[in-house]
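Just so it is clear, none of the values below were taken in a lab; they were calculated from the coordinates. The structure displayed is predicted, hence computed values, not measured ones. When we count neighbours, we look across all protein chains shown, and the Cβ atoms used for this are built from the backbone with ideal geometry, even at glycine.
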Amino acid sequence: MRKLCFAALALVCPFFAADVALTPPMGWNSWNKFADKVDDKTVREIADALVSSGMKDAGYVYVNIDDTWEGERDAQGNIQSNAKFPDMKALADYVHGKGLKIGIYSSPGPKTCAGYAGSYQHEAQDAKTWATWGIDYLKYDWCSADKVYQASDMPVVYKKMSDALKATGRPIVFSLCQYGLQNVWEWGAAAGGNLWRTTGDIQDGWKSMSTIGFDKQLGHEKYSGPGHWNDPDMLEIGNGGMTRPEYITHMTLWAMLAAPLLAGNDLRSMTDETRDILTNKEVIAVDQDPLGQQARRVSKSGTEEIWVRQLSNGDLAVAFFNRGEMMTDITAYWTVLGLEGKHKVRDLWKHASVGTAKDLFTADVPQHGAVIVRIAR
């Protein structure tokens, strides 16, 4: 009924949160690389690069402007963009003209993290403004909200903006950014969130990425699914702080976690190696699998881990992770995976079949690296 409603009566039908982000959102966010240096020119060039690099074809469609776009409010209280973004509606039109979507950032508090105007007491007004501009995605960051609310108010506070977005009639992905506080995975969907951050901010380094991706996601898998996703934060791939095997681990783990894939590098100057990691369509297919079942860890022995994800066609995605300092062999036994007999195995980074395995499969995994295979059922 909802799909029919959108197809035939898009201008008058109510917006339902579950009708967007049916798979984890994919795109780009400005903060990791540009922070407060983002501007209209950069965003336009990033949109161009998404298309020319093949990122758009691989599924990356959101161009998300993080903090520092905000200006002052006019006499009626309407939020304005600042001098870096002279015409947000024109920018949105440019991004849409590329076949892409555009996102923006705010806070339920009086100020954003960078000290710009937040949406406190202007929720409905800001939602209407963003819808008028043509915004498709909102990242809503707690920040100064703790000066006007209690932490226990989070579900109500986030639902207030969710309701305001729905009231505009425009489908807008709603991203809750409050660092996993108050066990957000337990109430994020009920508050209207399409995704919610499960941890603090990621940094471009092995310790940060691996701690967030491996250790902080355990037990959250039952809360994730179509329309509502656990979010371990944006991708750092290509920003220079990790090795190629570490970035492959980053991409592999986020795909297994059914995590949003929001690139955070400068797409205009990325290397072929970075582009190849970000656009691996077989790995992306795991992330975007319509069943939406987040992976679970089924084996851990020292620094060796095996994670498994059920896919919609019955196949299994199995990832082998080596968090240690030397190359190692990691073996997955069929009894652990719930399999028996012979099964065809495909290596998703090699883009090649590796034959038929019986009873077990062993992967050679480099230091801080990952191997991901698809096992046919």
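Quick rundown of the values:
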quantity: Residues ARG73, ARG170 arranged by fewest to most Cβ contacts within 10 Å; calculated: ARG73, ARG170
quantity: Rh (Kirkwood; distinct C-alpha pairs) - the stretch 179-300, Å; calculated: 14.7
quantity: Helix-only [θ]222 nm of the chain, DSSP H runs n ≥ 4, -39500 (n - 2.57) each, per residue, nearest 500; calculated: -7000 deg cm²/dmol
quantity: Rounded, prolate or oblate (a/c below 1.5 giving rounded, otherwise prolate when a/b exceeds b/c) for the stretch 55-172 by Cα gyration tensor; calculated: prolate
quantity: Cα gyration tensor category, rounded, prolate or oblate, for the stretch 174-225 with a/c compared to 1.5; calculated: prolate
quantity: Reciprocal of mean inverse Cα separation for the stretch 219-377 (Kirkwood radius, Å); calculated: 15.9
quantity: Distance from the stretch 324-377 to the stretch 108-126 (C-alpha centre basis), Å; calculated: 48
quantity: Rough spin-label spacing in nm, given labels placed 7 Å along Cα→Cβ, for SER52 and GLU325; calculated: 4.3
quantity: Equivalent ellipsoid semi-axes - Cα gyration tensor, the stretch 296-375, angstrom; calculated: 20, 14, 12
quantity: Share antiparallel - DSSP beta bridges, the chain, percent rounded to 5; calculated: 60
quantity: For the chain: Kirkwood Rh in Å [reciprocal of mean 1/r, alpha carbons]; calculated: 21.3
